[in-house]
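Heads up: the structure comes next, in structure tokens.
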Amino acid sequence: MNAPNQSGWKPTTPAAGEGKFGGPATTTGNKALMLEEPLIFEIADNQTTGVDLPEVDTSATTRLGGMARDADIGLPGLAEPEAIRHYTRLSRQNYGIDLGFFPLGSCTMKHNPRLNEKVARMPGFADVHPLQPVDTVRGALGVINELAHWLIKLTGMHGVAMSPKAGAHGELCGILCIRAALEARGDAREVVLVPESAHGTNPATAAFAGYRVEGIPANADGRVDLEALKARLGPDVAAVMITNPNTCGLFEPDMRAISDAVHAAGGFVYCDGANFNAIVGRVRPGDLGVDAMHINLHKTFSTPHGGGGPGSGPVVLSEALSPFGPLPYTARTKDGVVHLVEEEGADAFAKEHFGGPLSHFGRMTAFHGQMGMFTRALTYMLSHGADGLKQVAEDAVLNANYILRSMEDVLYAPYAPSGPCMHEALFGDKDFADGLSTMDLAKGMIDEGYHPMTMYFPLVVHGAMLVEPTETESKATIDQFITAFRSVVERAKAGDQTLATAPHYAPRSRMDETQAARKPLLAYTDPE
Ligand SMILES: Cc1ncc(COP(=O)(O)O)c(C=O)c1O
């Protein structure tokens, strides 16, 4: 049985002889308002222009000499409304959180409250320039300091470097601090331990910083195997990088024991805090012995996903690592006040408050960080308050568990027997009919009008499907998703081969994903 999709229409399996997308054939190849959009070169001709330009006086002399163009360059010509319609139609083929439910696990496709946008666009924030005299940007610095204060408080850490531009950049910052701390005590260690369920950026960061990466296995419950970790610790281990909650969507209950063991062996604990959205307001990583942790502002504090644009990944540091943070750095003073440390005065600050000379390893970026993201994140914090942030975590966990428990009777959920999940629910493809895979299920979800969940990650579960609903979705939205998800799972288990060629209703059907990613054809060639 097919469930209605988000826009209310009921998809049917296309039968032989029907139009391209199922249903009766149309002259355009479009179904209802699903637009088939050609390339701009295909809808245009080079005789039309959107503006009336005066005839070019070709007799005029040009300073370009032999370099002057003497032939048409073949730009597509369209009337202005045609050009606008083309790009507007293309923009509507882009799926986003403002268009529908977006259950992409590990990525936390969080709603971006419009209040954040309003505040970020206030000229006093939006128009500041990093090279303005300090006296003219006191307010902006105040925002950075207040946000730093919140981050330090919520994580129970000693200080925070606000400048890293993304989660992975924050990881690099944290690992460089650890290296600086080890070097300061003349202890050159070579290895960083990373659990096998880790996000790919963790081993990449450690390797980029010059460390040898070794894996730590997961136990049957999807958590770090504590005994295996303890057995590997030794004088060559610089740090352990652990994601908590981990990428199986599970809390690491042995975190304190892990930190104690790593510290006893002379190493540091890096926590990948990308999933802090599941525990904010409830757990302070500082209490678990963490030395460094990045926070993806977009995942916990609702700033927009960068899309390659300006992200922000502040890194909180323990007291042991604070003297090694990059400048500018925000640290607690001896009296517990949050203070922005810049080059000028840094030595004196270090002597007074860290009890030793300045050991900062340098800078991560030229300036203080992403003002637009800081403004949005602080707006989110202030509009929720500490209790509201705690509820954000609780609702995110509740929604994920609702999906887990609504699916576990039809879909393999490897860690469901060991208890609740955190902010994301993990499934595997164990009972699918021969020839059908997680990929086919994901394509079937597109026909239902949903962006698929994260697929084939984490690697510890075969055919993994990681579903993260986030906290803002209503029960009605989640129920509708569950209905569609269950229906596609049942088709995959029953061997419904129409899934193998899904999506049937999308403007583009099944692609060769490897070719599309590795050898995209980005230049238009006129077929004639
Ligand atoms: C667990 C985890 N670690 C690290 C990252 C990297 O963060 P970024 O994409 O901001 O570099 C992500 C990204 O989603 C993540 O999910």
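The values are calculated or read from the model by the stated rules, or taken from the named source; none is laboratory data. Bear in mind that the values here come from a model prediction, so they are computed numbers and not experimental data. Methodologically, a virtual Cβ is constructed for each residue, glycine included, from the backbone with ideal geometry; neighbour enumeration extends over all protein chains shown.
Annotations
- Candidates 159, 139, filtered to the one that is in the same structural domain as residue 364 (by TED's automatic domain parsing), closer than 28 Å to residue 336 by Cβ and in contact with a Leu (Cβ under 7 Å, 6 or more places away or on another chain): 159
- If you check 327, 358, 297 for being surrounded by 18 or more Cβ atoms within 10 Å (Cβ to Cβ), hydrophobic (A, V, I, L, M, F, W, C) and without any contact (Cβ under 8 Å) to a residue 40 or more places away in the chain, only one passes: 327.
- Of all residues in the stretch 502-528, those satisfying the criterion of being outside any loop (DSSP other than H, G, I, E, B) and either among the aromatic types (Phe, Trp, Tyr) or surrounded by fewer than 10 Cβ atoms within 10 Å (Cβ to Cβ) (or both) are 513, 514, 517, 518.
- Among all positions in the stretch 166-184, there is at least one residue which is in contact (Cβ under 8 Å) with a residue 60 or more places away in the chain, assigned by TED's automatic domain parsing to the domain that holds residue 327 and either part of a loop (DSSP other than H, G, I, E, B) or touching a Cys at 6+ places or on another chain (Cβ under 6 Å) (or both).
- Scan the stretch 73-98 for residues that are surrounded by 13 or more Cβ atoms within 10 Å (Cβ to Cβ), without any contact (Cβ under 8 Å) to a residue 40 or more places away in the chain and more than 16 Å from the ligand (Cβ to nearest atom) and the total you get is 7.
- Which listed residue, of 291, 347, is surrounded by 19 or more Cβ atoms within 10 Å (Cβ to Cβ) and acidic (Asp, Glu): 291
- Restricting attention to the stretch 453-472, the residues that are closer than 16 Å to residue 99 by Cα and either buried (at least 21 other Cβ atoms within 10 Å of the Cβ) or not assigned by TED's automatic domain parsing to the domain that holds residue 394 (or both) add up to 3.
- Count of the stretch 259-280 residues which are in contact with a Lys or Arg (Cβ under 9 Å, 6 or more places away or on another chain), hydrophobic (A, V, I, L, M, F, W, C), away from the ligand (no atom under 16 Å from the Cβ) and touching a residue at least 60 places away in the same chain (Cβ under 8 Å): 0
- Check on residue 37, acidic (Asp, Glu), within 28 Å of residue 446 (Cα to Cα), at pLDDT below 75 and not assigned by TED's automatic domain parsing to the domain that holds residue 501: no
- Hits in the stretch 185-215 (condition: assigned to a loop (DSSP other than H, G, I, E, B) and either more than 16 Å from the ligand (Cβ to nearest atom) or free of Cβ contacts under 8 Å to residues at least 24 places away in the same chain (or both)): 185, 186, 187, 188, 189, 190, 200, 210, 211
- Of the residues in the stretch 281-289, none is within 10 Å of the ligand (Cβ to nearest atom), under 22 Å from residue 471 (Cβ atoms) and either in contact (Cβ under 8 Å) with a residue 60 or more places away in the chain or hydroxyl-bearing (Ser, Thr, Tyr) (or both).
- Subset of the stretch 135-162 (residues that are within 10 Å of residue 374 (Cβ to Cβ), small (Gly, Ala, Ser) and surrounded by fewer than 24 Cβ atoms within 10 Å (Cβ to Cβ)): 140
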